[in-house]
Amino acid sequence: MADLEVPAARQLVDGDWTPAHDGAELSVIDPATGQDIQPVAAAGPADIDAAVAAARRAFPAWAATSPSERGAALRRWADLVLAHVEDLARHEAQDVGKPLSGGRLNIFIAHSIIEYFAGAADKLTGVTLPTRSRDYLGYTLLEPYGVCAVVIPWNVPAVLTAANVAPALAAGNTVVLKASEVAPLAPFALGELARRAGLPPGVLNVVTGLGPTAGAALTGHPGVDHISFVGSTGTGRAIMRAAAENLVPVKLELGGKSPNVLFADADLDVAVPAIVASITENAGQNCYAGSRLVVEDSIADAVVERVAEAMKAIRIGAWDRDLDMGPLVSEAQYRRVLGFLDEAPAAGAKLVTGGGPAATDDTGPGWYVAPTVFDRVDPGMRLVREEVFGPVLAVQRFSGTRQAVELMNDTDFGLLACVWTNDVSRALRVAQEVRAGQVAVNQFHDAGVIGFPFNMQKDSGFSRGGGYTALREYTQEKAVAIRLLDR
Ligand code: NAD
């Protein structure tokens, strides 16, 4: 385990673990105990300057490597990730508060993402274009942007590091990754493994620091050529303003309010556990969390009861107890979620289970919230309109496919929608009508599909992250037209 410690109060810039220029540090907190895990360097504008400069210096040589060489480097990185699953899982789990097996799963996902882009690096091609006569030739080149800024949140740091860094590097860009100040340990550890995999200094720089200082300095930096941002919709708007100043492209993956839409003909033995997992996994702190259950009237009472029973059975505890659910990531997040719980009954929602802090024998002094179900939630309530980011399920009832679609779409967000039905036509119809970047049928999310594009619509942002299309996201297209003079 000691093999992959994150150096205390350091950041990874230009291939070295260095302190912040002004020596500033941040404490990384274990949400299960409220205790410090370790300090990390808190980047300020001078550190961001140094990281962007290192990435810029490294760019020409990295872009000049062959795609196969870049793929090979990513494969070495992926292999090291696999060899350090337990260390990485510990960082991910302790830092975010998720059960160890949840952390381990995230590392396996991160590994498969890096491996995917290792294989895809030399499959990226432009096109030849049709011409008006044989005297002309036209084709496109896909070229890297240069220095990519990647800013990520705290909820799935290893997966988001892999999902944004690997395609950017595969396409020939260099990267400055600004990890969340709340959970930076897994990104730092992944950065160390990339270094050990032989990525040249400056190709991947990993820093953390507060959003308004480190994040704003990076996304507003004139040396950055492309911005990838994953986080809340509010911060996404600020990032887009920063991108406008420097006229650089921006990819936004923002919040969600994803519905599970359950028709009466669905297989409830499959659907109910998946619906419960979709809002309790990572304590509901996933962008695609199934935070709304839209259920057909005729089965609603029975389903709500089954869901509530399953929610009550969720075992809660610290990351190293490895139960079903951990605490929320921070005190701020805890207070925010309790605010939603306090206000919902007065606004007319019917509390079915939970509704406040969780206290069981398994919990320590951390920020635990009980898995919560509110039934008969009005579409206008904050519980439906806003992202809670906790284990809180809002139940809405419908009658008929038309109303189901109306409720699904009655949200500012457009990330994921899940449809549960045994009627194929209905499933296809709803998949067509729903305004979301991703649709799942009879399952929660993308299990079984390789390279599922992590697409967003509406206030969830716009991105073609995930899968092969992500490589396009990190390249710019150049068109070449040639006249053939030698007749
Ligand atoms: P956040 O927006 O507060 O912070 C995200 C990142 O942005 C952090 O690294 C933060 O330091 C940085 N940041 C904050 N202010 C900034 C600024 N002014 N300029 C530049 N950077 C700034 O989000 P969070 O609370 O860390 O994460 C939770 C949010 O992330 C939720 O809304 C969730 O839905 C979203 N999320 C989305 C996806 C997705 O793929 N759509 C995935 C995971 C999480």
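Looking at G44, G102 in this structure, which one is within 19 Å of N155 (Cβ to Cβ) and not assigned by TED's automatic domain parsing to the domain that holds P327?
Being within 19 Å of N155 (Cβ to Cβ) and not assigned by TED's automatic domain parsing to the domain that holds P327 holds for just one of G44, G102, which is G102.
Out of all the residues in the stretch 183-190, is one or more in the same structural domain as I37 (by TED's automatic domain parsing), crowded, with 19+ Cβ neighbours inside 10 Å and assigned to a loop (DSSP other than H, G, I, E, B)?
yes
Just to be sure I understand, how many residues within the stretch 431-462 are in a loop (DSSP other than H, G, I, E, B) and in contact (Cβ under 8 Å) with a residue 12 or more places away in the chain?
So the answer is 15.
Tell me, yes or no, whether the stretch 143-155 has at least one residue that is in a helix (DSSP H, G or I), under 19 Å from F188 (Cα atoms) and within 22 Å of the chain's Cα centre (by Cα).
No, there is no match, as no residue in the stretch 143-155 is in a helix (DSSP H, G or I), under 19 Å from F188 (Cα atoms) and within 22 Å of the chain's Cα centre (by Cα).
Are any of the residues in the stretch 130-142 more than 14 Å from the ligand (Cβ to nearest atom) and touching a His at 6+ places or on another chain (Cβ under 8 Å)?
No - not one qualifying residue is present in the stretch 130-142.
Please verify whether the stretch 113-120 includes one or more residues that are in contact (Cβ under 8 Å) with a residue 12 or more places away in the chain, more than 16 Å from the ligand (Cβ to nearest atom) and in a strand (DSSP E or B).
Within the stretch 113-120, not a single residue is in contact (Cβ under 8 Å) with a residue 12 or more places away in the chain, more than 16 Å from the ligand (Cβ to nearest atom) and in a strand (DSSP E or B).
If you take the residues in the stretch 446-461 that are surrounded by fewer than 19 Cβ atoms within 10 Å (Cβ to Cβ) and at pLDDT below 95, which one is nearest to D122 (Cα to Cα)?
My answer is G451.
Exactly one of (1) touching a helix residue (DSSP H, G or I) at 6+ places or on another chain (Cβ under 8 Å); (2) charged (D, E, K, R); (3) within 14 Å of the ligand (Cβ to nearest atom) is unmet by E245. Its number?
Among (1) touching a helix residue (DSSP H, G or I) at 6+ places or on another chain (Cβ under 8 Å); (2) charged (D, E, K, R); (3) within 14 Å of the ligand (Cβ to nearest atom), E245 violates only (1).
Within the stretch 202-219, how many residues are more than 8 Å from the ligand (Cβ to nearest atom), of a type outside the set (A, V, I, L, M, F, W, C) and not in a helix (DSSP H, G or I)?
Of the residues in that region, 2 qualify.
Quick one: would you say K251 is touching a residue at least 40 places away in the same chain (Cβ under 8 Å), open to solvent by less than 10 Å² (accessible area, probe 1.4 Å), part of a loop (DSSP other than H, G, I, E, B) and within 14 Å of the ligand (Cβ to nearest atom)?
It is false that K251 is touching a residue at least 40 places away in the same chain (Cβ under 8 Å), open to solvent by less than 10 Å² (accessible area, probe 1.4 Å), part of a loop (DSSP other than H, G, I, E, B) and within 14 Å of the ligand (Cβ to nearest atom).
So which residues in the stretch 92-105 are open to solvent by 10 Å² or more (accessible area, probe 1.4 Å), in contact (Cβ under 8 Å) with a residue 40 or more places away in the chain and under 20 Å from G191 (Cβ atoms)?
Q94
Give the residues of the stretch 6-29 that are in contact with an Asp or Glu (Cβ under 8 Å, 6 or more places away or on another chain), aliphatic (A, V, I, L, M) and either open to solvent by 50 Å² or more (accessible area, probe 1.4 Å) or assigned to a strand (DSSP E or B) (or both), sorted by residue number.
Of everything in the stretch 6-29, those that are in contact with an Asp or Glu (Cβ under 8 Å, 6 or more places away or on another chain), aliphatic (A, V, I, L, M) and either open to solvent by 50 Å² or more (accessible area, probe 1.4 Å) or assigned to a strand (DSSP E or B) (or both) turn out to be L12, V13, L26, V28, I29.
Check whether at least one residue in the stretch 50-59 is assigned to a loop (DSSP other than H, G, I, E, B) and surrounded by 16 or more Cβ atoms within 10 Å (Cβ to Cβ), and report yes or no.
no
Kindly indicate the residue of the stretch 254-282 that is within 16 Å of the ligand (Cβ to nearest atom) and assigned to a loop (DSSP other than H, G, I, E, B) and also surrounded by the fewest Cβ atoms within 10 Å (Cβ to Cβ) among those meeting that condition.
Result: G255.
Given the criterion in a helix (DSSP H, G or I) and without any contact (Cβ under 8 Å) to a residue 24 or more places away in the chain, identify the matching residue among A46, A89.
Exactly one residue qualifies, and that residue is A89.
The values are calculated or read from the model by the stated rules, or taken from the named source; none is laboratory data. For clarity, every value in this text was computed on a predicted model and none was experimentally measured. Heads up, the Cβs are rebuilt from the backbone with ideal geometry, glycines too, and the neighbour counts pull from every protein chain shown. Ligands, DNA and RNA are excluded from the accessible area calculation, which covers all protein heavy atoms including side chains. Shrake-Rupley method; radii C 1.70, N 1.55, O 1.52, S 1.80 Å.
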